[in-house]
Structures are given as C-alpha cells and as structure tokens.
Amino acid sequence: MAAHNELGKLGEEMAVNFLKENGYTILDRNWRFQKAEIDIVCQINETLAIVEVKTRTSIGIGLPIDAVKTKKIQLLTRAVDKYVCVKNLDLNVRFDVISIHKNNNSFVIEHITDAFFYF
C-alpha cells in the first residue's frame, strides 16, 4: 500500500477515535455511492454528521481542509442524499471536516463542524 494511503487510513482511525471520545456514534465508514465516498457517517443527538477526513504530514502546502474542493462537496451531497434515503433517516444533516496534520512527533486534530453548506 502506498504511503499516502497508509497515512489516510491512520487519519481515519484517529478521527473515529476522536469522534467516539466526543460522544459521537459511528454509523458507517467509507460508505460509497457512485463516485463518492463518505469517510465517516456518525450521529450526535439528532444530527447526522457526514465527516470528510484530510490528513497531511505537514502544512507546508496548505491546511488539510483546503483539499476539500467544490467537486468533493458535490459528490458528498449526492452520496448523503442517497444514504438518508437508503437508511430511511429523519435527522438534521451537517457536513464536517476533520483536519489532521503532523506536528513534530505528534498529530494535531481539528474538527470543523458545519464546514460547508450544500444548499
């Protein structure tokens, strides 16, 4: 497996642990619809959080959240519409980003709630 794929998997594991520690229930991971993949689907109270995880070894080329572009947002929007229908859910939906970057020998995790709006 390529190093960037391993880093991505590590970032998703850290994100899942972070979310669980903060009271979220993980419903799905790496849920796919057509060309879209939702990294983490979780719930807190009556809110369904669709979480995109971005992990970088440094912030020299920008923050991880900067990698969430318009095309990704469009794909996530279509995927969550399908997810809500398939699972027959009646919850508020929000889009979050968990941004992770390496700082010396540790990682910095930032959870951005309501990172973008789809309507």
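Select from segment 1-52 the residues that are basic (K, R) and crowded, with 16+ Cβ neighbours inside 10 Å and list them in ascending order.
R29
Looking at (1) farther than 18 Å from I112 by Cβ; (2) touching a residue at least 12 places away in the same chain (Cβ under 8 Å); (3) under 16 Å from the mean Cα position of the chain (by Cα), which is the one condition that is false for K9?
Only one criterion in (1) farther than 18 Å from I112 by Cβ; (2) touching a residue at least 12 places away in the same chain (Cβ under 8 Å); (3) under 16 Å from the mean Cα position of the chain (by Cα) is unmet by K9, namely (2).
Pick out the one residue from N88, N92, N103 that is under 18 Å from A15 (Cβ atoms) and surrounded by fewer than 18 Cβ atoms within 10 Å (Cβ to Cβ).
Going through N88, N92, N103 in turn, the sole match is N103.
Whether any residue in segment 64-83 is touching a residue at least 24 places away in the same chain (Cβ under 8 Å), over 13 Å from the mean Cα position of the chain (by Cα) and closer than 16 Å to L7 by Cα is what I want to check.
No, that holds for no residue.
Here, each number is a calculation from the coordinates, and none is a lab measurement. It should be emphasised that the depicted structure is a prediction, and the values quoted were computed from it without experimental measurement. With ideal geometry, Cβ positions are generated from the backbone for all residues, glycine too; neighbour counts draw on all protein chains shown.
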